[in-house]
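First comes the structure, then the notes that go with it.
The values are calculated or read from the model by the stated rules, or taken from the named source; none is laboratory data. It should be emphasised that the depicted structure is a prediction, and the values quoted were computed from it without experimental measurement. Here the Cβ positions follow ideal geometry from the backbone for every residue, glycine too, while neighbour counts run over all protein chains shown.
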Amino acid sequence: MTNWTDAHCHLQDEFLSDGDHAAVARATLDRAYEVGVDRVVVVGTGAQTSREALAMTSLSSPVEIYATVGLHPHAARDDVSPILEMAREGHARLVGVGECGLDYFYEYSPKSDQRTVFAAQIGLAHELDLALVIHARDAFADLFDVLKSEGVPSRTVIHCFTGDADDAEGCLELGCDISISGIVTFKNAQALRDAARLVPLERLHVETDSPFLAPVPHRGATNEPAFVRAVGEFLAELRAEDVDTLRDATAANTARLFALPAR
């Protein structure tokens, strides 16, 4: 049965890695559909990847493809204007702003630049009434500070959540949803598993963040949207929930978050 949704993937990264780009993307999506994935959100991290994400939505596939545009905190030194312009142009399958946010683990861009660019994209989500997709790593205190200052868009998700239970509580209190990736299956991710248990089902999403972070039992492989089912099945067992219930709830949550068409 279909109805798994991959709430966050970078399919354009694989799409661009082969000469026959369209064929690679269609084959990847066909594999996803075969295991029940029928919707994906392809996420931008800069001007080029955002344009590619939007372009991918026109691919012929049994899987519905939606896109976001955003500037990742790693690239916060870059000009955010192309992202703002791209979003304001409008696109039938543009459903979100991001991923954007703060990353103090690597700090490839100065913290001040990260905060400025993040604030600009929060404003864009407010302006266009789009979902906000947040990347946060080792930066939850500042993340909460910026969100409180700029105002949390009504549809906001912390993607690939990697915090602990206290961080999760802080996100939930601000009105953010939480999306869980294959990291939850990793041996050293006990704090994340503890956090994942406490997220209310109506605020939970599942994602691959592909082509990165392939879940167990696919560790070592290139991640892809088909593997979101493994993430969901692991979460259902972790949370002692019926798999079909979690599948349908997370699909409905992602549809609400990104204002996807009813079906």
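Brief remarks follow.
- Residue check for Leu204: crowded, with 20+ Cβ neighbours inside 10 Å and within 22 Å of Thr156 (Cβ to Cβ): yes
- In the stretch 141-176, residue nearest to Asp194 (Cα to Cα) [restricted to those that are surrounded by fewer than 17 Cβ atoms within 10 Å (Cβ to Cβ) and among the acidic types (Asp, Glu)]: Asp164
- Residue match in the stretch 73-80 (condition: in a loop (DSSP other than H, G, I, E, B), surrounded by 16 or more Cβ atoms within 10 Å (Cβ to Cβ), of a type in the set (Lys, Arg) and modelled with pLDDT of 95 or more): no
- Checking each residue in the stretch 54-81 for being within 20 Å of Trp4 (Cα to Cα) and in contact with a helix residue (DSSP H, G or I) (Cβ under 9 Å, 6 or more places away or on another chain) picks out Met56, Leu59, Ser60, Ser61, Pro62, Val63, Ile65, Tyr66, Ala67, Thr68.
- Filtering the stretch 26-42 to residues that are surrounded by fewer than 24 Cβ atoms within 10 Å (Cβ to Cβ) and outside any strand (DSSP E or B) leaves Arg26, Ala27, Thr28, Asp30, Arg31, Tyr33, Glu34, Val35, Gly36.
- Any hit, the stretch 158-165, residues being touching a Leu at 6+ places or on another chain (Cβ under 8 Å), in a strand (DSSP E or B) and in contact (Cβ under 8 Å) with a residue 60 or more places away in the chain: no
- Complete set of residues in the stretch 122-172 that are among the charged types (D, E, K, R) and in contact with a strand residue (DSSP E or B) (Cβ under 7 Å, 6 or more places away or on another chain): Arg137, Asp142, Arg155
- Checking Asp113 against (1) surrounded by fewer than 24 Cβ atoms within 10 Å (Cβ to Cβ); (2) over 18 Å from Ala189 (Cβ atoms); (3) touching a helix residue (DSSP H, G or I) at 6+ places or on another chain (Cβ under 8 Å); (4) acidic (Asp, Glu), the condition it does not meet: (3)
- The condition (being surrounded by 13 or more Cβ atoms within 10 Å (Cβ to Cβ), over 24 Å from Ala136 (Cβ atoms), free of Cβ contacts under 8 Å to residues at least 24 places away in the same chain and more than 17 Å from the chain's Cα centre (by Cα)) is satisfied by just one residue among Glu241, Glu233: Glu233.
- Here the stretch 116-133 is the region considered, the condition is being surrounded by 17 or more Cβ atoms within 10 Å (Cβ to Cβ) and touching an Asp or Glu at 6+ places or on another chain (Cβ under 7 Å), and the residue that is farthest from Val206 (Cα to Cα) is Ile122.
- Candidates Thr49, Thr68, filtered to the one that is in contact (Cβ under 8 Å) with a residue 40 or more places away in the chain, surrounded by 20 or more Cβ atoms within 10 Å (Cβ to Cβ) and of a type in the set (Ser, Thr, Tyr): Thr68
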